[in-house]
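Take a look at the structure below.
The values are calculated or read from the model by the stated rules, or taken from the named source; none is laboratory data. Note that the structure is a prediction, hence the values are computed from the model and not measured. Cβ placement follows ideal geometry from the backbone for every residue including glycine, while neighbour counts extend to all protein chains displayed. Protein only, heavy atoms only, side chains kept; ligands, DNA and RNA dropped before computing areas. Shrake-Rupley method; radii C 1.70, N 1.55, O 1.52, S 1.80 Å.
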Amino acid sequence: MDLVSLVPTGAIETQVVMMIVECVNLHVEVKAKAVSDELEAFLTGHSTGPLKPPTTSKSIHGMAHSPALHIMHSFSLAAISIFAYSAVIPSASGFAARDASSRTRRPPPNRTRRNPSSSSSPKPIKRAPHQFDHTKEEARPFLDNNLAVKEQLANDDAPVYTFEDGDTEQATIIPDGTHLVYFSLDELFPNIADLGFSHKFCTDGKFRDDLRNSMREDIFDSTPAYENLPEKARKILLLPDSSLQGSWTCRDETLRMKKLTEVLKHHLGEQSPTGDEFMEAIGSLCGSEPSYHWIDIVGVMNRRIPHSWHQDTGRSRGGDTKTVLLGFPKEDNYSGVGVFSHAVKLKYEKVSSKEHALDDPVVYSGLKIDDEYIVRPQFEQGKEIVMFRDVDVIHSSPDVAYRSSVMRFM
């Protein structure tokens, strides 16, 4: 029997128990030696008396006189001593628990299993690239849009495009020169002499900013969907780098575009049109049966994005219904691309099906168009406006935009 296993031991208790065990072992050895000598004398005839059995089976003193039971008696004494000791002092497990809690635990060793078949030289770990593996310029391909658009051409004379899977037998051929039509702000009010609208718009950034901001504020403040928004939401939605939409119609008897009217008079003089007249003049370019929808689009800046070809509705409700774009360039005296949407001129009218919802866009997901077919309309003085029928072209945001915004009237 292993006496030490009778009680759980810690560092201090183990030493005490081992001392008891050593004493018991010594006692057992002495008793065993005495029993061995007595047995040897009895067998050889040198014993002075008979080998006495115990007087009674219940007598402890009798057990002490039994040679075979001397050792068991010694073990019993040792067990009693050990358990008595464990009762008097706290248990070894309690000591061990408190002793372990008072010590600072060491972290487990960082052991890396080696593959026996691998070579001694470490192999690179394959993983997805992390954001900190690159500089911000590499992770997000920012670019100088002003330089990028200078490398692009308007390509107004691009060839017409034909869809390979389209039914062209019953389709209407679109006359040349009618796909994209430019218009000047001066042409909006031919009866107002010396207005200089186009020149002022293209050369005065302050006038463009005031014009755009006042249009946005007037439309926001007169649109029922916005009237219950808190002032904080109003400020956010009217930030110049955010898009905003509403309606361009101004047919009420009361003046709707009050701030715009003030801006036009301040920059163009008392002979300038009212804000309502300005909005209606541009809206009239949409032709018959317009939707009256207006949106100021900012788009993605300082990055190159893939084209996403689509039609806004795939319809021309009145046959002459057009989409009209008013561009706001980024700088004065600008002549270049990146202000208006890019377009692909179609050979045949592309009309959406009758099942297609009237105001849902027709999206050509994954359509790749060769660069030779892409028209990038050029903004310059006298070409502040561009218009087209939605069945004559497919269009997309410019892959590189360089503008403050573009306003779309439909």
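Details
- Heavy-atom accessible area per residue - the range 321-390, 1.4 Å, Å²: 44 Å²
- Too-long pairs where the Cα-Cα distance tops 26 Å, listed order kept, from Lys150/Lys235; Lys150/Lys368; Lys206/Lys322; Lys206/Lys383; Lys259/Lys330: Lys150/Lys235; Lys206/Lys322
- Sequence ranges 152-158, 366-372, ranked by mean other-Cβ count within 10 angstrom, highest first: 152-158, 366-372
- Glu187 exposes around 100 Å² of accessible area when a 1.4 Å probe is run over every protein chain in place.
- Residue ranking by accessible heavy-atom surface, 1.4 Å probe, largest first, among Ile173, Ile295, Ile219 comes out as Ile173, Ile295, Ile219.
- Extension gain, Ala193 back to Val181 (0.36 nm per residue minus Cα-Cα distance, nm): 1.9 nm
- Among Phe197, Phe142, the sequence by solvent-accessible area, most first, with a 1.4 Å probe is Phe142, Phe197.
- Rg to Rh, two decimals, where the range 186-264 supplies the alpha carbon set and Rh follows Kirkwood: 1.01
- Diffusion coefficient, µm² s⁻¹, Stokes-Einstein with Kirkwood Rh over alpha-carbon pairs of the range 233-345 at 20 °C and 1.002 mPa s: 128 µm²/s
- Sulfur and carbon atoms: percent of accessible area, the range 271-410 [1.4 Å]: 46 percent
- Pairwise inverse Cα distances across the range 172-229, averaged and inverted, put the Kirkwood hydrodynamic radius at 14.8 Å.
- From the largest down, the range 292-360 spans 43, 26, 23 angstrom on the principal axes of its Cα atoms.
- Kirkwood hydrodynamic radius computed over the range 306-410 comes to 14.4 Å, based on all pairs of distinct alpha carbons.
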